[in-house]
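Have a look at the structure below before the remarks.
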Amino acid sequence: LETSRINLEGLRLRVANYHQWEDLHKEKRALGEEVLPALEYHEAREKAGVISRNLKEARKPLLAADSILAEKRQQLASQQRALTEAQKQETALEAEAGELAGRLTQVNQKLKPLESLLEQKERLQKLAADAGADLAAVANQLNEKEAELAKQKGARDNVAAKIAGELATISALQGKSAMPEPEAQRQMRRALRDEGIAHAMLSDIVEVTDPKWQGAVEGVLGGYASVVLLEKAKDAPAAYRLAEKERYRHFIVPDCVEAPVVKDSSLLSVVRFSGKAPGWLIDQLERIERVESVDAGFKANSDEWITPDAYHRERRGGRSLFVEPSRYRFGSAGKTQRLEAIQKSLPALEAQEDALTLAISKLAAEVGALKGRIAGVDAAKELAARQAEFEEATRAIAPLKAERLEVGARLGELSMLTKNATVARTRADTVWQNARMALSEAEAGMRLNNRRTIEQRAEHAKALLELRKGWRHVPKNWKNAAWRGAIVAKHQNAHQVNLRLSTLEHSLGREDWEQDGTVIDQYQRLNDQLSGRQSETEERRYQNNRAIEATANARGAYIERLRYTIKTYSKNIKELGELAGIDVQADPVRLENDDVQLAQAGLHVRFKFDGKDQIGMNDGEASGGQQVMKSLVLLIGLLKSEEGSGGFVFIDEPFAHLDIRNIQLVGEFLKNTDAQYLMTTPLTHNTDVYDPSELTLITSKKKKDMQWAQPIFVLQRRKDEAKAA
């Protein structure tokens, strides 16, 4: 029955699975055969309507395009005239400026030799005035000025070199060139690269995560910036040989480890290594504790600490490890701060260079003057000889300077006017070009729009014809707007229906669907059979319950009968014991309606012979005659009825191995029991064995030389003798 229920449940699940498959299949068929085509028809109608409305609306801008283009053409013609006027004005001013420039050039050409003569006159006059000075003092002064000039030039060269170095550093920091390095480091890097030894400098792999502690990290790691880190430890011998050859004073580390990432107050917590680093350096950074100030460092429990300003305290004492920001070498933050520091210090260096340049110019002029004083002994004679030449030059230069001043003033005015005219022409040209381009684009756009509109209308007309041809025989309800609106409200659009169809296709494609329609009949038949079996089972359960009740009643009656039987049996064996002169005791037996107790229940009987100790059921505790008496008491007690009869008993050789007294006791017991018995015994030494018997049958075995066995001899006791006995 349970198996049938399980099978029925399995069939129920199969029926539910079949119904679900059937519903999905019906939904798929309905969507694919009716809903999807209807939505496609509806969307095609809606799309065609939207296109028609858009094409109608697109005609309105085209109607106003001609008037807009005419207005733009008029504006373009006006702007063309303005550009022509501006070009004429600019050309006239440029022509006048060119003429005046040529005139000014001629004047300057005439003035140049005259000004040169007058400069010679002034130089000769100055030399003649200084000719009477002490030449020895002038020579000493000249030597001092030349030494000072050389010193100032050297200082300027140093500042210029420093500025050039700072500019190169700025270019490198901005990523325009390689970072400048110390010469020894650059040579060692080149040597390692030439030998093919993979390496990195410590400054290449260090990054400071907190800009506040950049100075502290620079101070601690500054001396290790040129430490060489080998990628392969096996390259150490070759690297050491190169370092010995180059006399490289910095460490070359072959064995590096991955630096841990820590988050504590150590200096290591603000340092990140992009590659493997020396273990001793990591340990050093991990030992140094970061403190905010020197006072905070003394309050800390650490033996080694450092402040943000790079004041470092260790076991040997304290010292400042401050590094100028313009000399930072570690990490992107260090490069940024270095770039800012250099950019801030560069104007001061340039100002210093300018100051030195002015001083050098002044000293150079003084040196030249001193040299002229030394050479000015014959200047007075030359001045007197050329007096007429110098006077002529003075008279001729005055009108030329006046003319140059007049031409220069007019050129200044023309420059401003030309500049304004150029600006006006440029603006007019820009406006005209923009207007021309706008007009050209507008005309091209109008042509394109016209062509596009014509093409769209043709395509739309073709699409409408195809639509009407394709949907000529659609169902009548498709043409009902209300019906189509209900379909759209339920399914939204064709895309959603296609998605649902894809989902249904995927679901129906599974292999676990039940597609056998007979499973419904199977389920109905099995359900009917199970209902019948359940009814039959209930009837049988009722009958079984009645049988169980009858069995329980019979069991109770049986237990009562057992109690009576045990009670009667105990009484019988006790009476038989009294006949045999044996004290028989039977322990009470507890009988309850319990299987375990009934299985464990038993009768324990004890015998007491001749006033001696009691003997249990074990035959080993009694003699041969006692064992026979025990067996006969227990056996005849079973057969004894309520009327006192002992029943009919078969006894096999009860007198075997007994002495005469026990034979008499057993025989006397048998006669007193009133039982009927059949007893066997061999020929024995004592005829008392036949005393309890009323009928004796004597048999013998067939002898060897006889064909038949001897007949059975029958001895029967006379009844009067039996009674007398």
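The values are calculated or read from the model by the stated rules, or taken from the named source; none is laboratory data. Everything quoted here is computed from the prediction, not taken from an experiment. Cβ placement follows ideal geometry from the backbone for every residue including glycine, while neighbour counts extend to all protein chains displayed.
Looking at the range 471-485, which of the residues that are surrounded by 12 or more Cβ atoms within 10 Å (Cβ to Cβ) and assigned to a helix (DSSP H, G or I) is modelled with the highest pLDDT?
483
Which of the residues spanning the range 199-217 are more than 22 Å from residue 263 (Cβ to Cβ) and assigned to a helix (DSSP H, G or I)? Talk me through it step by step, then tell me what you get.
As a first pass, look at the range 199-217 and keep what is more than 22 Å from residue 263 (Cβ to Cβ): 199-204.
Correct list: 202, 203, 204.
Taking the options 511, 592, name whichever one is acidic (Asp, Glu), out of contact with any Gly (no Cβ under 9 Å at 6 or more places or on another chain) and within 28 Å of residue 633 (Cα to Cα).
Working: 511 fails: within 28 Å of residue 633 (Cα to Cα).
Step by step, each of 511, 592 is checked, and only 592 is acidic (Asp, Glu), out of contact with any Gly (no Cβ under 9 Å at 6 or more places or on another chain) and within 28 Å of residue 633 (Cα to Cα).
Return the residues of the range 529-565 that are free of Cβ contacts under 8 Å to residues at least 12 places away in the same chain and under 60 Å from the mean Cα position of the chain (by Cα); say none if nothing qualifies.
Result: 531, single match.
Could we say that residue 57 is at pLDDT below 80, surrounded by fewer than 15 Cβ atoms within 10 Å (Cβ to Cβ), in the same structural domain as residue 450 (by TED's automatic domain parsing) and not aliphatic (A, V, I, L, M) here?
On the way: at pLDDT below 80: yes; surrounded by fewer than 15 Cβ atoms within 10 Å (Cβ to Cβ): yes; in the same structural domain as residue 450 (by TED's automatic domain parsing): yes; not aliphatic (A, V, I, L, M): yes.
Judged against the criteria, residue 57 is a match.
Within the range 250-264, track down each residue that is of a type in the set (Val, Ile, Thr) and under 15 Å from residue 232 (Cα atoms).
Filtering the range 250-264 down to residues of a type in the set (Val, Ile, Thr) leaves 252-253, 257, 261-262.
If the condition is that a residue be of a type in the set (Val, Ile, Thr) and under 15 Å from residue 232 (Cα atoms), then 252, 253, 257 are the ones that fit.
For the structure I just gave you, tell me whether residue 586 is modelled with pLDDT under 75 and either surrounded by 13 or more Cβ atoms within 10 Å (Cβ to Cβ) or touching a strand residue (DSSP E or B) at 6+ places or on another chain (Cβ under 7 Å) (or both).
Working: modelled with pLDDT under 75: no; either surrounded by 13 or more Cβ atoms within 10 Å (Cβ to Cβ) or touching a strand residue (DSSP E or B) at 6+ places or on another chain (Cβ under 7 Å) (or both): yes.
In short, no.
For the range 197-226, which positions are surrounded by 14 or more Cβ atoms within 10 Å (Cβ to Cβ) and touching a Pro at 6+ places or on another chain (Cβ under 7 Å)?
213, 215, 216, 226
Does the range 248-257 contain any residue that is closer than 30 Å to residue 191 by Cα, hydrophobic (A, V, I, L, M, F, W, C), at pLDDT 90 or above and part of a loop (DSSP other than H, G, I, E, B)?
To start, the set of residues in the range 248-257 that are closer than 30 Å to residue 191 by Cα comprises 248-257.
Within this subset, residues satisfying the condition of being hydrophobic (A, V, I, L, M, F, W, C) are 251-253, 256-257.
From what is left, the residues that are at pLDDT 90 or above are 251-253, 256-257.
Filter once more, so that each one left must be part of a loop (DSSP other than H, G, I, E, B): 251.
Scanning the range 248-257, I find at least one residue that is closer than 30 Å to residue 191 by Cα, hydrophobic (A, V, I, L, M, F, W, C), at pLDDT 90 or above and part of a loop (DSSP other than H, G, I, E, B), so the answer is yes.
Whether any residue in the range 229-238 is modelled with pLDDT of 90 or more, part of a helix (DSSP H, G or I), buried (at least 20 other Cβ atoms within 10 Å of the Cβ) and on the phi < 0 side of the Ramachandran plot is what I want to check.
no
Say whether the condition of being part of a strand (DSSP E or B), among the aliphatic types (A, V, I, L, M) and in contact with a His (Cβ under 6 Å, 6 or more places away or on another chain) is met by at least one residue in the range 270-292.
Initial filter on the range 270-292 (part of a strand (DSSP E or B)): 271-273, 277-278, 289-290.
From what's left, among the aliphatic types (A, V, I, L, M): 271, 277.
This time we only want the ones that are in contact with a His (Cβ under 6 Å, 6 or more places away or on another chain), so: none.
No, the range 270-292 has no match at all.
Only one of 71, 34, 96 is loosely packed, with under 12 Cβ neighbours inside 10 Å and either at pLDDT 75 or above or not charged (D, E, K, R) (or both); which? Spell out the reasoning first.
Values: 34 fails: loosely packed, with under 12 Cβ neighbours inside 10 Å; 96 fails: loosely packed, with under 12 Cβ neighbours inside 10 Å.
The conditions single out 71.
State whether one or more residues within the range 497-508 are surrounded by 12 or more Cβ atoms within 10 Å (Cβ to Cβ) and among the acidic types (Asp, Glu).
Scanning the range 497-508 turns up at least one residue that is surrounded by 12 or more Cβ atoms within 10 Å (Cβ to Cβ) and among the acidic types (Asp, Glu).
Consider residue 673 against the criteria (1) crowded, with 19+ Cβ neighbours inside 10 Å; (2) modelled with pLDDT of 75 or more; (3) not aromatic (Phe, Trp, Tyr): it satisfies all of them except one. Which criterion is unmet?
Unmet condition: (2).
Specify the residue that is nearest to residue 93 (Cα to Cα); the eligible residues are those in the range 446-466 that are loosely packed, with under 13 Cβ neighbours inside 10 Å and not hydrophobic (A, V, I, L, M, F, W, C). Before the answer, list the steps.
First pass over the range 446-466, keeping only residues loosely packed, with under 13 Cβ neighbours inside 10 Å: 447-448, 450-452, 454-455, 458-459, 461-462, 465-466.
Keeping just the survivors that are not hydrophobic (A, V, I, L, M, F, W, C) gives 447, 450-452, 455, 459, 462, 466.
Details: 447: 44, 450: 48, 451: 49, 452: 51, 455: 55, 459: 61, 462: 66, 466: 72 Å.
Checking each candidate, the answer is 447.
Every residue in the range 242-298 that is hydroxyl-bearing (Ser, Thr, Tyr) and under 20 Å from residue 226 (Cα atoms), please. Give the steps one after another, and end with the answer.
Just the residues of the range 242-298 that are hydroxyl-bearing (Ser, Thr, Tyr), to begin with: 248, 265-266, 269, 274, 293.
Correct list: 248, 274.
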